[in-house]
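See structure below.
Read-outs throughout are calculated quantities, based only on the coordinates presented, and are distinct from any laboratory measurement. Being a predicted model, the structure only gives us computed values, none of them experimental. Cβ placement follows ideal geometry from the backbone for every residue including glycine, while neighbour counts extend to all protein chains displayed.
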Amino acid sequence: MKQPRPQTLEGVTSMYPEVEIVGLSLPVEVSDEGKIRVRDDLEGFLADRLIADAGRTCYQTNEKATAEKDLLLIKNMAKSGHTSVFEHANITIRIRGGSRSFTHQLVRHRHQAISQESQRYCDEGSFGFVIPPSIEEAGLEDLYKQKIQQAQQAYLLLQDKLNEAKKAGKLSKDRKTNEDARFILPNAVQSEIVITPNFTELRNMFVKRLTSHAQWEIFGVFEIILKKVVKISDVFDDINEYFQANGNLDTFKLVA
Ligand SMILES: Cc1cc2nc3c(=O)[nH]c(=O)nc-3n(C[C@H](O)[C@H](O)[C@H](O)COP(=O)(O)OP(=O)(O)OC[C@H]3O[C@@H](n4cnc5c(N)ncnc54)[C@H](O)[C@@H]3O)c2cc1C
């Protein structure tokens, strides 16, 4: 899937969106003094050990945990729908350079923590923006950039006028002018966001966003996320195998 090309009016910033895993639940030991040690002496994926050990609680088996046994247990839990166990692991992902259209879809997923760049507090005077592939394919880049530039000028003008009105005492001193100037901003504006879903929710998100019905940008971002998470966990193996074989998850059956 072709990735969107976020730009500023000065030019292409990079091949965004940039997706970075910045946090992950790991098995730890905490001493009485509160010192934390990540149990990195374990074989296999660490987040999976946390999940598998929680899963073993259900069956009270005394088996010695190994990477192979973790994998088998996780495969069985995914197959049988015993997926609440996957909720023991959370993942934190930072996404930079996606459009506000994309983030609006992303935040519809309810079982996740979200922190997003604020258009109330931040100055969007020199915003970056995303160019949809169809605009490039149709040769409409110049027109698109021109319209984006007009939106930027409108934002700056409103910002100035609102600030002037504030100075002149026509608006209360507490008024945040950016929060009203932003009403003129396009959906193409880039917006940085950090999300923390648990692994069960992330599985749900893949199944919704990696289908042929999904919008290209969110599809592209979840394709990148999938590539990254299969390197740190087996919880997404079934989804990844299906996706690699079919190019989408249109007919993937999620047992939940
Ligand atoms: C192709 C596509 C087109 C879309 N088009 C539109 C549109 O035109 N307009 C629009 O408004 N939205 C649209 N959406 C958004 C969609 O309706 C969902 O809001 C979004 O996909 C989040 O999915 P979800 O609610 O299943 O999942 P999440 O919020 O991620 O929840 C995960 C799962 O938890 C369960 N769950 C969560 N909350 C509840 C609850 N309160 N009660 C019972 N079960 C719950 C459900 O099983 C759910 O699937 C679209 C989504 C897609 C993928």
Problem set entry | Eligible lysines near Lys176 by straight Cα distance, threshold 27 Å, same-chain separation 8 or greater | Lys147, Lys161, Lys166, Lys167
Exercise. If you take the square roots of the eigenvalues of the alpha-carbon gyration tensor of the range 194-256 and sort them as a ≥ b ≥ c, do you get rounded (a/c under 1.5), prolate (a/b over b/c) or oblate?
Worked result: rounded
Exercise. Which whole-number percent gives the relative contact order of the chain, counting Cα pairs below 8 Å spaced six or more residues apart?
Worked result: 28
Exercise. So, in Å, what gap is there between the alpha-carbon centers of the range 128-146 and the range 183-239?
Worked result: 23
Problem set entry | Cα gyration tensor, the range 92-202 - rounded (a/c under 1.5), prolate or oblate | oblate
For this session: Evaluate the Debye formula for the chain with equal point scatterers sitting on the alpha carbons, no solvent, and hand back log10 of I(q)/I(0) at q = 0.09, 0.12, 0.15 Å⁻¹, in q order, two decimals.
Result: -0.53, -0.81, -1.05
Exercise. Could you give the angle, 0 to 90 degrees to the nearest 10, between helix 141-167's Cα long axis and the longest principal axis of the Cα atoms of the chain?
Worked result: 70
Problem set entry | With Cα atoms, 0 to 90° folded angle of helix 216-229 axis to the chain main axis | 40
Problem set entry | the chain, helix-only ellipticity at 222 nm - DSSP H runs n ≥ 4, -39,500 (n - 2.57), divided by all residues, nearest 500 | -13000 deg cm²/dmol
Exercise. Anyone know which of Glu217, Glu192, Glu63 comes out most mobile in the 10 Å Cα GNM of the chain?
Worked result: Glu63
Problem set entry | Cα long-axis angle, helix 46-59 against the chain (0 to 90 degrees, to the nearest 10) | 50
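For the residues Arg110, Arg96, what sequence is obtained by ranking on other C-beta atoms within 10 Å, fewest first?
Details: Arg110 9, Arg96 19.
Listing Arg110, Arg96 from fewest to most nearby Cβ atoms yields Arg110, Arg96.
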For this session: Distance check, please: which entries in Lys35/Lys227; Lys35/Lys64; Lys35/Lys79 exceed 31 angstrom between their Cα atoms?
Result: Lys35/Lys227; Lys35/Lys79
Seminar exercise, completed: Residues whose built amide H sits under 5 Å from the amide H of Phe129, excluding neighbours closer than 5 in sequence, are Gln7, Thr8, Gln190
